[in-house]
Structure formats: structure tokens, C-alpha cells
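The values are calculated or read from the model by the stated rules, or taken from the named source; none is laboratory data. Computed from a predicted structure; not experimentally measured. Cβ: placed from backbone, ideal geometry, glycine included. Neighbour counts: every protein chain shown.
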Amino acid sequence: MRDSGSPWKPRSPSVPPSSSSGSSRPDRGRPHGQREPASVPAAEAGSVREHRDVELRLYGLNAIRAVFAKRPQAIRKLYLVEARIPQLQPLLKWCVANRVGYRVVEDADLQKLAASTHHEGVVAEVLREEQLPLSTWLRDLPAGPQCALWLDGVGNPHNLGAILRSAAHFGAGAVLLTKHSTLALSGAAARVAEGGAEALPFVRLGREDNSIAQLHGAGFKLAATLVRGGGDLFKASMPERVVYVLGAEAEGMSPDLAKACDLRLSIPGSGAVESLNVASATAVLLSQWARRAR
């Protein structure tokens, strides 16, 4: 097997024994004795075809630490540069104890695996967390103030990651996705979220009118967030339970959905620019809810 350009190179001899499973091969004990593929392109192609709906390739230190803290059983494979070994010792020991393969590789290998230079020295393949039906999420909600984000057309992974980071920081309860939305967590979004992607579930809505009725029944008010024409966010009376409805950066939200909302809110500014981008606006909206609800 060729080493050039491949992430499947044997581990460096300098890796301390404490981070191995007692063998020169760090993937010793791989379930069913599976062997690694010989090249990145073949591995990536197979992964995309067979696992795009159930597996996700994550990168970034905080993103992977968050998965390990919340649902370690979701981790399927781990790749890291040697410099990350001291920081990831608990995860590596868990991998050994649970027979999950890991590899110490070069920076260039991680760039290929992550398709990014921003891998921060670690890449993991994990199972996606299943989306919840709206009825299940509502059933399990605790009493008291709640906030959720209804994303109508938001698709940029960096915006999604920044939204998830803000949502986790301010304690939002969920991201709501329309019935036919193709939005899904990506490695880029998870890295930008800095662990926030593990803090709140993705909830799949049903028919729009039914979903709105269910939310109303659980005490939520829907607030359409508009670039212009809405009430002043900083003067509005904020409901205890609110769903902020956020539209795509260019097109905005569906006019019909905006009409179905209970509130229409805008963020006033100096006028020097047309508006905040959707991720920045989300942080402002969430901070106002948190300030009023607590």
C-alpha cells in the first residue's frame, strides 16, 4: 500500500504506548476485522454513497470534544495529528476500551479528509443524531420559557454553524426544519458552532399549518424576523415562549409564512448597511429573548 498522500499510514513510533491498544496498529480490534481502504478518494466516495444520511465527518477540536462528552457511542473512527495526543488522551483511551479505530496521521492527510485547512488537528467520523418529530420535542419540553429557531431557507454552513453557536450560548431549545428542507449539519457548520451543534436537536416539522397549530397549543408565539417593516425588537413585548422564524440571506422568508406569524420584528440600526446577516441577527434576537425571559 502506498503511503504517499494517504491518511491510512501506520502510526508514528513516537506515539506513547498509553494511547495505543498494545499493538503497532492503532486500529487493532476494529469491529469485524475490517481493513481500511487504501486511498482517500475511494474512502470518501464510498462514505458519501453509503453513509451520507447516517454518518458525518466532523473536524475541529471543540466539535469533536462535544460529541465525545454527549454521545461517545456515535464515534466510529478518529484521525489526529501527533500534537493532539496529549489533549485527546481521554478520547483515545475510550477508543481503545471500546475497540474504535484511530490513526495518527499528518496534517496534509487531515486536510484531505476534512476537505479543509481548518481541521484543528483532528477529524472524526460519527453517526448523525436523529432528527426529532415536532410532537416528540414538544412532549418532552420542560415548563417555563422556551425559544426555538425556525429556519426557512437558511443553507450556508458557516451561517448555520454561527446560528448553532449562538443558540447554544443563549439556551435555545431546538432548530426547526420544514418538512421538505434539505438543511443538515455539515463538518464545516459543526466546526463553526464550536460544540454548539450538540447542544440542541434538529426538529422536523410536518405540514406548515399543523406545525403552527401544535406550537400554538404548546404556548409558543411565532415571530417573523424581517429586514424592514417589523416592530422594533428592543421595544417589543417578548412572549415567554417564542419561535423566531428566520429566512434565507438573499430571499428572506416565505411571505405566506410571515403572514402566519403572530409577531413581525425588525432589528433597528444606523442605516449605514441594509441589515445584519442572518447569523448576526440571530444572536441579537436570542439575546433579547434571554434578557426578557430570565
- Among residues belonging to segment 226-238 that are in a loop (DSSP other than H, G, I, E, B) and charged (D, E, K, R), point out the one that is modelled with the lowest pLDDT. Arg228
- Note on the structure: Residue hits (segment 239-251; over 17 Å from Ala167 (Cα atoms), over 22 Å from the mean Cα position of the chain (by Cα) and either surrounded by 16 or more Cβ atoms within 10 Å (Cβ to Cβ) or modelled with pLDDT of 90 or more (or both)) are Pro239
- Note: among Ser287, Ser211, just one is surrounded by 18 or more Cβ atoms within 10 Å (Cβ to Cβ), at pLDDT 95 or above and in the same structural domain as Asp152 (by TED's automatic domain parsing), namely Ser211
- Query: Could you say whether any residue in segment 274-284 is assigned to a strand (DSSP E or B) and in contact (Cβ under 8 Å) with a residue 12 or more places away in the chain?
  - Reply: no
- Item | Glu106 modelled with pLDDT under 95 and not hydroxyl-bearing (Ser, Thr, Tyr) | no
- Sort out for me the helices (runs of 4 or more DSSP H) sitting completely within segment 120-198 that have 2 or more residues that are assigned by TED's automatic domain parsing to the domain that holds Leu276, surrounded by fewer than 21 Cβ atoms within 10 Å (Cβ to Cβ) and more than 16 Å from the chain's Cα centre (by Cα). 134-139
- Query: Would you say Leu286 is aliphatic (A, V, I, L, M) and in contact with a Leu (Cβ under 7 Å, 6 or more places away or on another chain)?
  - Reply: no
- Task: Taking Asp107 as the residue in question, decide whether it is farther than 29 Å from Trp289 by Cα, among the acidic types (Asp, Glu) and without any contact (Cβ under 8 Å) to a residue 40 or more places away in the chain.
- Result: yes
- Does segment 131-152 contain any residue that is among the polar types (S, T, N, Q), out of contact with any Phe, Trp or Tyr (no Cβ under 7 Å at 6 or more places or on another chain), touching a residue at least 60 places away in the same chain (Cβ under 8 Å) and within 21 Å of Asn277 (Cα to Cα)? no
- Just checking, how many residues over segment 224-247 are in contact with an Asp or Glu (Cβ under 7 Å, 6 or more places away or on another chain) and of a type in the set (A, V, I, L, M)? 3
